[in-house]
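Take a look at the structure below.
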Amino acid sequence: MSGWSFTFGPGYNGGGFPAQRRFEEQYHCYSVAHADKAHLEGGDKILLPPSAFDSLARMSVEYPMLFRLESSQHGTATHCGVLEFTAQEGYCNIPFWMMQNLLIEEGSILTITNVSLPKASFVKLQPQHVDFLEISNPRAVLEHALRSYSCVTKGKF
């Protein structure tokens, strides 16, 4: 076949097509309570459908997998991690507090994109009440509370 040339260099998956470098999908969003996982309200982990895992498994993504959640309707965004790939196809489940921060309601459309975030070297937290100062070991309390979170978004509370 003269005139045909196939190059399988960097950026190609061996099939002659560019390897996908970014996962970006839109899902109907519901709270984790809809998936009988209300215990996930105390963190930033979400549920994605099995097809998301299939797509991500074919890409070279960093671990832990982190995502940007964006509501184009409201111009809001935040970041999170994923716990499981058990959501129904076409849907994602996120903690209700994240839905409130994104200004969205049950069934709203979210764009979910995998991201690589820089590791933080410093986080400045401000107590919201004077009672926090009465805790005997505030550092231990904060470390325990923050274990359920994968990442923080600059400027978010």
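The values are calculated or read from the model by the stated rules, or taken from the named source; none is laboratory data. These numbers were taken from a predicted model, which means no experiment stands behind them. As a convention, Cβ positions derive from the backbone with ideal geometry for all residues, glycine included, and neighbour counts pool all protein chains shown. To get the accessible areas, we keep the full protein, side chains included, count just its heavy atoms, and leave off ligands, DNA and RNA. Shrake-Rupley method; radii C 1.70, N 1.55, O 1.52, S 1.80 Å.
Does residue 51 count as surrounded by fewer than 20 Cβ atoms within 10 Å (Cβ to Cβ) and within 14 Å of residue 82 (Cα to Cα)? Explain how you work it out, then say what you get.
Details: surrounded by fewer than 20 Cβ atoms within 10 Å (Cβ to Cβ): yes; within 14 Å of residue 82 (Cα to Cα): yes.
Considered against the rule, which asks whether it is surrounded by fewer than 20 Cβ atoms within 10 Å (Cβ to Cβ) and within 14 Å of residue 82 (Cα to Cα), residue 51 comes out as yes.
Of the residues 11, 43, 81, which single one is touching a Lys or Arg at 6+ places or on another chain (Cβ under 9 Å), surrounded by 13 or more Cβ atoms within 10 Å (Cβ to Cβ) and at pLDDT below 95? Reasoning before the result, please.
Values: 11 fails: surrounded by 13 or more Cβ atoms within 10 Å (Cβ to Cβ); 81 fails: at pLDDT below 95.
The unique qualifying residue is 43.
Taking the condition out of contact with any Lys or Arg (no Cβ under 7 Å at 6 or more places or on another chain), among the hydroxyl-bearing types (Ser, Thr, Tyr) and surrounded by 16 or more Cβ atoms within 10 Å (Cβ to Cβ), does residue 71 pass? Spell out the reasoning first.
Numbers: out of contact with any Lys or Arg (no Cβ under 7 Å at 6 or more places or on another chain): yes; among the hydroxyl-bearing types (Ser, Thr, Tyr): yes; surrounded by 16 or more Cβ atoms within 10 Å (Cβ to Cβ): yes.
Taking the combined requirement at face value, the residue satisfies it.
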Query raised in the report: Which residues, counting only those in the stretch 110-137, are under 30 Å from residue 74 (Cα atoms), open to solvent by less than 100 Å² (accessible area, probe 1.4 Å) and without any contact (Cβ under 8 Å) to a residue 24 or more places away in the chain?
Result: 127
Requested in this report: Within the stretch 51-71, identify whether any single residue is among the polar types (S, T, N, Q), at pLDDT below 95 and outside any strand (DSSP E or B), and answer yes or no.
Outcome: yes
Query raised in the report: Could you give every pair whose Cβ atoms fall below 6 Å, whose first residue belongs to the stretch 144-157 and is open to solvent by 80 Å² or more (accessible area, probe 1.4 Å), and whose second residue is at pLDDT 85 or above and of a type in the set (Asp, Glu), counting only separations of at least 6 or pairs across chains?
Result: 149/44
